[in-house]
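All of the numbers you see were taken from the coordinates with simple rules; none came from a lab. What you are looking at is a predicted structure, and each value in this text was computed from that prediction instead of being measured. All Cβ positions, even for glycine, are placed from backbone atoms using ideal geometry, and neighbour counts span all protein chains on display.
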């Protein structure tokens with residue numbers, strides 16, 4: 001049963017372009033996350049929002065910027081993509097602050113040519 | 001910064017066998033320990049979690065935690081081909097950040 005929806009599923013683009021990924025959760029959760037899964041399947045947290053407020057901002061390049069309009073939506077924009085940005089970007093949510101069980105979306109696979 | 005390592009990197013077991021997966025962590029202040037499973041091309045999904053030392057069993061799955069050794073494990077009894085997936089351990093200090101391990105790729109051979 002899917003409750004964290006990500007679009008698009010795949011995106012192919014060229015170096016230097018701007019891309020945006022969308023995420024919506026219908027679980028009524030307060031906290032949302034962006035994780036990056038690289039080619040070796042390593043999952044690394046990028047950002048975390050609690051009720052539209054940014055609470056975790058890991059060391060990621062400044063070309064990455066999260067955007068949250070309400071607690072059910074968390075988007076990710078990448079300005080001027082680089083080849084190393086090729087990865088699967090996974091959105092997740094959890095019920096509340098400090099509640100660690102994450103519910104993931106299926107991911108957006110980005111390929112930078 | 002929390003370091004989470006898994007072993008083995010990959011594993012092939014026959015159907016019906018017991019599978020054991022390992023996870024070590026570096027931060028002794030960690031309070032939450034979990035296993036996630038990710039089938040190919042799908043979203044990671046939480047399997048089970050534990051907070052205190054000891055053992056917890058849910059169906060064919062058992063999680064063991066030894067905080068003093070900075071180690072926890074997942075054991076799968078009567079492994080099935082449908083268990084073939086990437087297994088990710090995860091550790092948190094109950095803050096906002098869940099740190100994932102390097103993953104173990106499991107193949108159950110029918």
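So, of the residues in segment B:2-50 that are over 13 Å from the mean Cα position of the chain (by Cα) and facing chain A (nearest Cβ under 10 Å), which turns out to be farthest from residue A:92 (Cα to Cα)?
B:31
Condition first: under 15 Å from residue A:89 (Cα atoms), within 14 Å of another protein chain (Cβ to nearest Cβ) and surrounded by 13 or more Cβ atoms within 10 Å (Cβ to Cβ). Can you find one or more residues in segment A:10-23 that meet it?
So far as segment A:10-23 goes, yes, one or more of its residues are under 15 Å from residue A:89 (Cα atoms), within 14 Å of another protein chain (Cβ to nearest Cβ) and surrounded by 13 or more Cβ atoms within 10 Å (Cβ to Cβ).
Name the residues in segment A:73-113 that are within 14 Å of another protein chain (Cβ to nearest Cβ) and either farther than 22 Å from residue A:5 by Cβ or part of a loop (DSSP other than H, G, I, E, B) (or both), would you?
If the condition is that a residue be within 14 Å of another protein chain (Cβ to nearest Cβ) and either farther than 22 Å from residue A:5 by Cβ or part of a loop (DSSP other than H, G, I, E, B) (or both), then A:95, A:96, A:97, A:98, A:99, A:100, A:101, A:102, A:105, A:106, A:107 are the ones that fit.
Give me a count of the residues in segment A:89-107 that are crowded, with 19+ Cβ neighbours inside 10 Å and in contact (Cβ under 8 Å) with a residue 24 or more places away in the chain.
Residues flagged as crowded, with 19+ Cβ neighbours inside 10 Å and in contact (Cβ under 8 Å) with a residue 24 or more places away in the chain within segment A:89-107 amount to 11.
Checking residue B:68 against (1) surrounded by 18 or more Cβ atoms within 10 Å (Cβ to Cβ); (2) not in a strand (DSSP E or B), which single condition isn't satisfied?
(1)
Looking only at segment B:78-93, count every residue that is over 11 Å from residue B:24 (Cα atoms), surrounded by 14 or more Cβ atoms within 10 Å (Cβ to Cβ) and either without any contact (Cβ under 8 Å) to a residue 60 or more places away in the chain or within 10 Å of chain A (Cβ to nearest Cβ) (or both) and tell me the total.
Number of matching residues: 6.
Please give the number of the condition residue A:78 fails out of (1) surrounded by fewer than 18 Cβ atoms within 10 Å (Cβ to Cβ); (2) farther than 26 Å from residue B:85 by Cβ; (3) touching a strand residue (DSSP E or B) at 6+ places or on another chain (Cβ under 6 Å).
Failing condition for residue A:78: (1).
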